[in-house]
1. So for the stretch 82-100 (the condition being loosely packed, with under 15 Cβ neighbours inside 10 Å and basic (Lys, Arg)), does at least one residue qualify?
2. Please tell me if Leu5 is touching a Phe, Trp or Tyr at 6+ places or on another chain (Cβ under 8 Å), outside any loop (DSSP other than H, G, I, E, B) and buried (at least 17 other Cβ atoms within 10 Å of the Cβ).
3. Restricting to the stretch 170-179, name every residue that is open to solvent by 30 Å² or more (accessible area, probe 1.4 Å) and either at pLDDT below 95 or under 20 Å from Asp121 (Cα atoms) (or both).
4. If you take the residues in the stretch 180-191 that are in contact with a helix residue (DSSP H, G or I) (Cβ under 9 Å, 6 or more places away or on another chain) and not acidic (Asp, Glu), which one is most open to solvent (accessible area, probe 1.4 Å)?
5. On the basis of being of a type in the set (A, V, I, L, M), touching a residue at least 40 places away in the same chain (Cβ under 8 Å) and not in a loop (DSSP other than H, G, I, E, B), does Leu160 make the cut?
6. Can you pull out every residue in the stretch 11-51 that is assigned to a loop (DSSP other than H, G, I, E, B) and not hydrophobic (A, V, I, L, M, F, W, C)?
7. Only one of Glu70, Glu117, Glu129, Glu144 is closer than 23 Å to Met34 by Cα, open to solvent by 80 Å² or more (accessible area, probe 1.4 Å) and either touching a strand residue (DSSP E or B) at 6+ places or on another chain (Cβ under 6 Å) or in a helix (DSSP H, G or I) (or both). Can you tell me which?
8. Output yes when any residue across the stretch 92-105 is at pLDDT 90 or above, closer than 16 Å to Asn169 by Cα and β-branched (Val, Ile, Thr), and no when none is.
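The values are calculated or read from the model by the stated rules, or taken from the named source; none is laboratory data. Computed from a predicted model, the values in this text were never measured in an experiment. Virtual Cβ from ideal backbone geometry, glycine too; neighbours counted across all protein chains shown. Side chains are part of the model used for accessible areas, which takes the heavy atoms of the whole protein and leaves out ligands, DNA and RNA. Shrake-Rupley method; radii C 1.70, N 1.55, O 1.52, S 1.80 Å.
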Amino acid sequence: MNIILLGPPGAGKGTQAGRLVEKRDMIQLSTGDMLRAAKTSGTEMGKKVAEVMDRGELVTDEIVIGLIREQLEGDKKGGFIFDGFPRTLAQADALAALLEDCGETLDAVIEMQVDDEVLVDRIVNRAKEAVAAGGTARADDNEESLKVRLMAYYKQTSPLIGYYHAKGNLTAIDGLASMDEVEASISAILG
């Protein structure tokens, strides 16, 4: 089973992806993690990634699709969770073509709907809790950074909601419910 978790930063996609990995033996394809791993891998693709990242440039969609292809051609376990990809309509088209080329399907796109003001409070509290626990907050876990990230999400990624709705893949859930309730909603969708 291959799914996309869609929603703004802080909606809980990473938390729910972790639960799916643990309970359904799925593979979380986080583009950020894949790029960091590729950079240090020593493979041909990894060398390309390192060159681009070392220049401070953004990695092209072509390279990201290449990394995803490598994953799709490996051990599939319980399927894939696309995390942080696609972010744009062009990437969604590229992913659809890649899945078809690899004989795979996209089984579900789950939109985690949230209220922006509640989301801001959630992120600010997450940062406070991390510091209170003796850790450090993520550099972008503050109100100003989140608002910039939300604007980027609404400009680039939110058009995917209509895209996947039109394809019949999209199901929306309440992303502000408790973690267990969100997990139950996702589980009901996946069957």
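1. Let us first name the residues in the stretch 82-100 that are loosely packed, with under 15 Cβ neighbours inside 10 Å, namely 89-90, 93, 97, 100.
Still in the running and basic (Lys, Arg): none.
So far as the stretch 82-100 goes, no, none of its residues is loosely packed, with under 15 Cβ neighbours inside 10 Å and basic (Lys, Arg).
2. When the stated conditions are applied, Leu5 passes them.
3. Let us first name the residues in the stretch 170-179 that are open to solvent by 30 Å² or more (accessible area, probe 1.4 Å), namely 170-172, 174, 176, 178-179.
Those that are open to solvent by 30 Å² or more (accessible area, probe 1.4 Å) and either at pLDDT below 95 or under 20 Å from Asp121 (Cα atoms) (or both): Asp174, Leu176, Ser178, Met179.
4. Pass one, the stretch 180-191, residues in contact with a helix residue (DSSP H, G or I) (Cβ under 9 Å, 6 or more places away or on another chain): 182-183, 186-187, 190.
Subsequent filtering for residues that are not acidic (Asp, Glu) retains 182, 186-187, 190.
Numbers: Val182: 5, Ile186: 2, Ser187: 54, Leu190: 17 Å².
Taking the candidates together, the pick is Ser187.
5. On the way: of a type in the set (A, V, I, L, M): yes; touching a residue at least 40 places away in the same chain (Cβ under 8 Å): yes; not in a loop (DSSP other than H, G, I, E, B): yes.
Yes; evaluated as a whole, the condition is true for this residue.
6. Pass one, the stretch 11-51, residues assigned to a loop (DSSP other than H, G, I, E, B): 11-12, 25-26, 40-43.
The answer is Gly12, Asp25, Thr40, Ser41, Gly42, Thr43.
7. Working: Glu117 fails: closer than 23 Å to Met34 by Cα; Glu129 fails: closer than 23 Å to Met34 by Cα; Glu144 fails: closer than 23 Å to Met34 by Cα.
Just one listed residue meets the conditions, Glu70.
8. yes
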